[in-house]
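Asker: The structure follows.
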Amino acid sequence: MTANTLIYRQQIMAADPHAISRIVRSSGFFSTEEIALARELAEEKLDQGNASSYQFLFAEDKQVVHGYTCFGLIPATSGSYDLYWIAVDEQSRGIGLGKDLMKRTEKIIYDLGGKRIYVETSSRDQYQPTHGFYESCGYQKEAVLKDYYMEGDSKIIYVKTL
């Protein structure tokens, strides 16, 4: 598989919650509760369709999902979006898939009238590559909420103006 052989789709399918669980679990970063939450967002979208505020972009090859994003308009804002999840299967990393998913997601958000994208992440050392990824995609650190998740684990909020 290469980034050039992937197909991108926004339509969620019945098998996607399982694929999301597999992808998020493969990183080794997330707790059981966080993996369940990622799956729940996809299940909500399947159940509610367009009534759900969650939107997705999937990258797949031969009907195997290798990465995805989940995003949505922040309620009561004018053009501000949250990027809830961006994840690439551990086996599919290193080919530029994360950056391609980010670029395509930003284009979708821009086409929807989005002006800003917010991303939240942990300050723990294991997330240093994540911080570097967001910064390499043009996101700037906007805020740090000290000890947000737990003592010694702050929330970092990044933003990108489109």
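Asker: Give the residue, chosen from GLY132, GLY114, GLY94, that is among the small types (Gly, Ala, Ser), surrounded by 17 or more Cβ atoms within 10 Å (Cβ to Cβ) and not in a strand (DSSP E or B).
Answerer: Going through GLY132, GLY114, GLY94 in turn, just one is among the small types (Gly, Ala, Ser), surrounded by 17 or more Cβ atoms within 10 Å (Cβ to Cβ) and not in a strand (DSSP E or B): GLY114.
Asker: A further question on this structure: Restricting attention to region 29-41, does a residue exist that is hydroxyl-bearing (Ser, Thr, Tyr), more than 28 Å from LEU162 (Cα to Cα) and surrounded by fewer than 17 Cβ atoms within 10 Å (Cβ to Cβ)?
Answerer: Looking through region 29-41, at least one residue is hydroxyl-bearing (Ser, Thr, Tyr), more than 28 Å from LEU162 (Cα to Cα) and surrounded by fewer than 17 Cβ atoms within 10 Å (Cβ to Cβ).
Asker: Basic (Lys, Arg), out of contact with any Pro (no Cβ under 8 Å at 6 or more places or on another chain) and closer than 19 Å to PHE30 by Cα: is that true of ARG124 in this structure?
Answerer: Taking the combined requirement at face value, the residue satisfies it.
Asker: Return yes when TYR148 is part of a strand (DSSP E or B), within 24 Å of PHE58 (Cβ to Cβ) and out of contact with any Asp or Glu (no Cβ under 7 Å at 6 or more places or on another chain) and no when it is not.
Answerer: no
Asker: So in region 98-111, with the set limited to residues that are crowded, with 20+ Cβ neighbours inside 10 Å and within 12 Å of the chain's Cα centre (by Cα), which one is farthest from ILE23 (Cα to Cα)?
Answerer: Selected residue: GLU106.
Table: residues versus (1) among the aliphatic types (A, V, I, L, M); (2) within 15 Å of ILE86 (Cα to Cα); (3) touching a strand residue (DSSP E or B) at 6+ places or on another chain (Cβ under 7 Å); (4) without any contact (Cβ under 8 Å) to a residue 40 or more places away in the chain.
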position	(1), (2), (3), (4)
ARG9	no, yes, yes, no
ASP16	no, yes, yes, no
ILE20	yes, yes, yes, no
SER27	no, yes, yes, no
GLU34	no, yes, no, yes
ALA38	yes, yes, yes, no
ASP47	no, no, no, yes
TYR54	no, yes, yes, yes
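Asker: How many of the residues making up region 53-64 are more than 15 Å from LEU112 (Cα to Cα), crowded, with 17+ Cβ neighbours inside 10 Å and either in contact with a helix residue (DSSP H, G or I) (Cβ under 8 Å, 6 or more places away or on another chain) or among the polar types (S, T, N, Q) (or both)?
Answerer: 2
Asker: Without any contact (Cβ under 8 Å) to a residue 60 or more places away in the chain and within 21 Å of ARG22 (Cβ to Cβ): which single residue out of TYR148, TYR84, TYR158, TYR118 fits that description?
Answerer: TYR84
Asker: For GLY67, indicate whether it is within 19 Å of PRO129 (Cβ to Cβ), touching a helix residue (DSSP H, G or I) at 6+ places or on another chain (Cβ under 9 Å) and assigned to a strand (DSSP E or B).
Answerer: Against the criterion (within 19 Å of PRO129 (Cβ to Cβ), touching a helix residue (DSSP H, G or I) at 6+ places or on another chain (Cβ under 9 Å) and assigned to a strand (DSSP E or B)), GLY67 qualifies.
Asker: Among the residues of region 49-64, is there at least one that is of a type in the set (A, V, I, L, M, F, W, C) and part of a helix (DSSP H, G or I)?
Answerer: Within region 49-64, one or more residues are of a type in the set (A, V, I, L, M, F, W, C) and part of a helix (DSSP H, G or I).
Asker: Okay, moving on. Return the only residue of ALA38, ALA42, ALA87 being in contact with a helix residue (DSSP H, G or I) (Cβ under 7 Å, 6 or more places away or on another chain) and outside any helix (DSSP H, G or I).
Answerer: ALA87
Where a number appears in this text, it was derived from the coordinates with a stated rule and is not lab data. Quick caveat, the model's predicted, so the values are computed rather than measured. Positions of Cβ are generated from backbone atoms using ideal geometry, with glycine treated the same way; all protein chains shown enter the neighbour counts.
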